[in-house]
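Report on the structure given below.
Laboratory data are not the source of any read-out in this text; all were calculated from the coordinates shown. None of the values given here were measured: they were computed from a predicted structure. A quick note on method: Cβ atoms are made from the backbone with ideal geometry, for glycine too, and the neighbour counts reach across all protein chains shown.
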Amino acid sequence: MSDAAKPELNSSAVALVTGATGAIGKAIARQIAARREYAVVLACRNEERAARVVAEIRHATGNAKVRHELVDVSRKASVDALATRWRGPLHVLVNVAADTPRRRRETPEGLEVQCATNVLGYFWMIQAFSEILRRSAPARVVNVASYWAGDLDLTDLEFTRRRYSNSEAYRQSKQADRMLTVAFAERLKPFGVTVNACHPGDVNSTLSNSLGFGGHESPDGGARTPVWLALDQALQPVTGKYFEHLRETPCPFARNRQAIEALYVACSRF
Ligand SMILES: NC(=O)c1ccc[n+]([C@@H]2O[C@H](COP(=O)([O-])OP(=O)(O)OC[C@H]3O[C@@H](n4cnc5c(N)ncnc54)[C@H](OP(=O)(O)O)[C@@H]3O)[C@@H](O)[C@H]2O)c1
């Protein structure tokens, strides 16, 4: 029996964090695990790194209800398999996993990696877990996006027409995350599931280095806003919003309803 086949025993709440072997994701998982009433599942693609982080977080928090599941969020079949083998409730899903290769790369299915990971990875995780989240309501989804976002071209999501630049593809993907937040928030609102997006903070990481900048905030600082969105009781009714540094921030991408729906439909077709 895989770990996921085991229901989360003796826990009142369950959180699932993707990208938890990364700088910000690990800090998010640890901060949630520090709230000992949470069982925390780290959704990672690398078994060895995942096991190491699980041990680290268990040691740091004293929370034994921390474990990992293997998933490649850039592959729909892998995401669907995780949701299918999941047992028990899910109260908090934090989408963090992202990649920004310097050269254009494709997944084994032939999808451009940033589109597959940063956009479809978020889309597929919410879609695959939406029934489970609905059954577990009240439940929350937090999409870790970025203030560094823009220039989304709905006709070229995979940079097949434009010359690939990892920063342009990244900005596009983070705009998409903020737009999909609105699309899913509307769809899941009637079922008691909220969906919000945030900028975490500028943190030194593989991802930020690949984009050519460092980052002056600590991973724990970067985790603060996502964890606040995931756990703060006062935010329970809030949905479809975008936050920076613990503040709701107007999002220009949330205004274009037509583009939001077009993006949702485009993602559904992959
Ligand atoms: N760092 C910043 O300054 C900054 C600023 C704004 C927004 N953000 C956002 O914050 C989030 C985390 O960024 P970070 O800086 O912490 O990046 P990071 O340290 O490079 O971590 C990225 C994480 O994503 C995982 N990942 C990548 N592709 C995956 C896949 N196909 N399937 C499963 N997991 C995958 C990586 O796993 P491996 O360990 O296996 O590689 C790693 O755990 C991203 O969404 C990013 O857009 C970061």
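Quick look at the values:
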read-out	value
Where labels lie 7 Å past Cα in the beta-carbon direction, separation of residue 204 and residue 234 in nm	3.3
Gain in span if fully extended, residue 49 to residue 84, counting 0.36 nm per residue against the direct Cα distance	10.3 nm
Directionally averaged shadow of segment 1-160, computed from the convex hull of its alpha-carbon atoms, nm²	10.0
Mean Cα-pair separation over length for the chain, i.e. relative contact order, pairs under 8 Å, 6 or more apart, %	18
Given the chain, longest segment not containing exposed loop GluC sites (Glu not before Pro) (DSSP; at most 15 other Cβ within 10 Å)	110-270
Interchain or long-range residues, amide H under 5 Å from residue 140's placed H	92, 93, 194
Proximal lysine pairs, the chain, alpha carbons under 30 Å, eight or more residues apart or interchain	17
Kirkwood hydrodynamic radius of the chain, from inverse mean 1/r over distinct Cα pairs, in Å	18.2
Amide hydrogen neighbours beyond the local backbone of residue 97, cut-off 5 Å, H modeled	18, 19
FRET efficiency estimate (nearest 0.05) - Cβ-Cβ, residue 247 to residue 162, R0 30 angstrom	0.35
Residue of 219, 89, 252 that the Gaussian network model of the chain assigns the largest fluctuation, springs spanning Cα pairs under 10 Å	252
